[in-house]
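Notes follow the structure.
The values are calculated or read from the model by the stated rules, or taken from the named source; none is laboratory data. Because the structure is predicted, anything quoted here is derived from the model rather than measured. Backbone-built Cβ (ideal geometry, glycine too); neighbour counts: all protein chains shown. Ligands, DNA and RNA are excluded from the accessible area calculation, which covers all protein heavy atoms including side chains. Shrake-Rupley method; radii C 1.70, N 1.55, O 1.52, S 1.80 Å.
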Amino acid sequence: MAPKKINPRKEKFLSNLPQHDLISDISDAKGKLSFSFKYFDASQSVGQDFKDWNDKQKQELLEKLRDYSRESKLYWLKQRIGGGGLNVLEIYSDFPRNSDFFYPRHVPDGVKWARFRMESAMRLVGFFVSEDSAKMLQLSTDVFYVVFLDKNHRFYKTEKK
């Protein structure tokens, strides 16, 4: 029997086929964070729109979103950042009283307000759907709805200027 001929086009095609199946990828993603910009609000003067951030800030944001989406909400709640031992993710539940932002009219009532700490004073502010609402509406509690870009730490003011 003659040895099989190698078909370079066939080998190239086969080497470019996906190595993962959909079922295992979806089950691996379960419990990991996702991000939605459905409620994004760039209308408030203390917040920013993407066009207000420089290329470096936008690149850092995208890299953080990629990193945050690789882990669960619980993981980021436990991760410490900075010298004060603050968490990467903080869930406040209610909209903070000590804020330069105001509660947007298009955001539903009863959400759990939260923030992701990014570089220096930069924050990604938004909310999670509560457990009860998620069960009732068949939604995921692992989606972070981004509402504000806060590069000056004005959402939840804790530091004296």
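Overview of results
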| item | result |
| --- | --- |
| Enumeration of residues in region 128-147 that are of a type outside the set (Val, Ile, Thr) and free of Cβ contacts under 8 Å to residues at least 40 places away in the same chain | Ser130, Glu131, Asp132, Ser133, Ala134, Lys135, Met136, Leu137, Gln138, Leu139 |
| Selection count where residues are open to solvent by less than 50 Å² (accessible area, probe 1.4 Å), of a type outside the set (Ser, Thr, Tyr) and part of a loop (DSSP other than H, G, I, E, B), scope region 55-90 | 2 |
| Members of region 91-120 found to be open to solvent by 60 Å² or more (accessible area, probe 1.4 Å) and in a strand (DSSP E or B), listed by number | Lys112 |
| Condition met for Lys135 (surrounded by fewer than 19 Cβ atoms within 10 Å (Cβ to Cβ) and either of a type in the set (A, V, I, L, M) or not in a loop (DSSP other than H, G, I, E, B) (or both)) | yes |
| Which listed residue is more than 14 Å from the chain's Cα centre (by Cα), open to solvent by less than 10 Å² (accessible area, probe 1.4 Å) and either among the acidic types (Asp, Glu) or more than 18 Å from Leu77 (Cα to Cα) (or both), from Phe155, Phe148 | Phe155 |
| Failed item in (1) modelled with pLDDT of 90 or more; (2) under 20 Å from Glu131 (Cβ atoms); (3) not aromatic (Phe, Trp, Tyr), with Pro108 passing the rest | (1) |
| Residue in region 29-42 that is modelled with pLDDT under 85, open to solvent by 100 Å² or more (accessible area, probe 1.4 Å) and under 18 Å from Thr141 (Cα atoms) present | yes |
